[in-house]
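First up is the structure itself, then whatever we jot down about it.
The values are calculated or read from the model by the stated rules, or taken from the named source; none is laboratory data. Fair warning: this is a prediction, and the values are worked out from it, not measured in the lab. Methodologically, a virtual Cβ is constructed for each residue, glycine included, from the backbone with ideal geometry; neighbour enumeration extends over all protein chains shown.
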Amino acid sequence: MTITLDPLPAAPNRVPRARLIFDGQPSGQVLDGACLEAEFAVAAGHLLFVTDDVPFEEGLRLHLIAADGRLLDTRSLHQAYASPMLRDVRRIAADRFHFRFLGPALMEIRVRERPCRWCWRGRWLVLRRLREAA
């Protein structure tokens, strides 16, 4: 399956948004973010790494999308007045990914096998900072 994003026209003072496209067909889902940086198949569907493409206020959004195109969960990282770059994205296990975004710190995103019933946020996705780079 090929996943792409079709950015919507920018609106002043709004988060960039884009239509989710599966195999060239619109899914009907609109996501926050503008540029699809990486995509990985996981047991629950697809994990997308999406940036906002806003100079000096870049944001990263991690979207978990079900196979039918539904948005299951989202986590985001932002830093005002900075231009962080997403780098070193790699899968380290079937459900865990490492990357760097805000500075040298190594970050990890983990996709739960099933949603947490008691979590008020992060039902599927667990984001954490691991350590500073050496």
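Picking from residues in region 58-79 that are small (Gly, Ala, Ser) and under 13 Å from the mean Cα position of the chain (by Cα), the one that is farthest from Asp6 (Cα to Cα) is Ser76. Tally up the residues in region 1-30 that are in a loop (DSSP other than H, G, I, E, B) and not hydroxyl-bearing (Ser, Thr, Tyr), please. Within region 1-30, residues that are in a loop (DSSP other than H, G, I, E, B) and not hydroxyl-bearing (Ser, Thr, Tyr) number 12. Of all residues in region 76-91, none are in contact (Cβ under 8 Å) with a residue 60 or more places away in the chain and within 15 Å of Trp124 (Cβ to Cβ).
Answer with yes or no whether Leu36 is in a strand (DSSP E or B) and within 22 Å of Cys116 (Cβ to Cβ). Walk me through how you get there before you give the answer.
Values: in a strand (DSSP E or B): yes; within 22 Å of Cys116 (Cβ to Cβ): no.
Here the answer is no, as Leu36 does not meet what is asked.
Given the conditions (1) hydrophobic (A, V, I, L, M, F, W, C); (2) at pLDDT below 85; (3) in a strand (DSSP E or B), report the number of the one that Met107 does not fulfil. Every listed condition holds for Met107 apart from (2). For region 22-47, a residue qualifies if it is of a type in the set (A, V, I, L, M, F, W, C) and either crowded, with 17+ Cβ neighbours inside 10 Å or within 15 Å of Arg75 (Cβ to Cβ) (or both), and the qualifying residues are Phe22, Leu31, Ala34, Leu36, Ala38, Phe40, Val42, Ala44, Leu47.
A quick yes/no check of all residues on (1) farther than 22 Å from Thr4 by Cβ; (2) in contact with a Gly (Cβ under 7 Å, 6 or more places away or on another chain):
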residue: Leu47; (1), (2): no, no
residue: Val50; (1), (2): no, yes
residue: Phe56; (1), (2): yes, no
residue: Tyr81; (1), (2): yes, no
residue: Arg100; (1), (2): yes, no
residue: Cys119; (1), (2): yes, no
residue: Leu127; (1), (2): yes, no
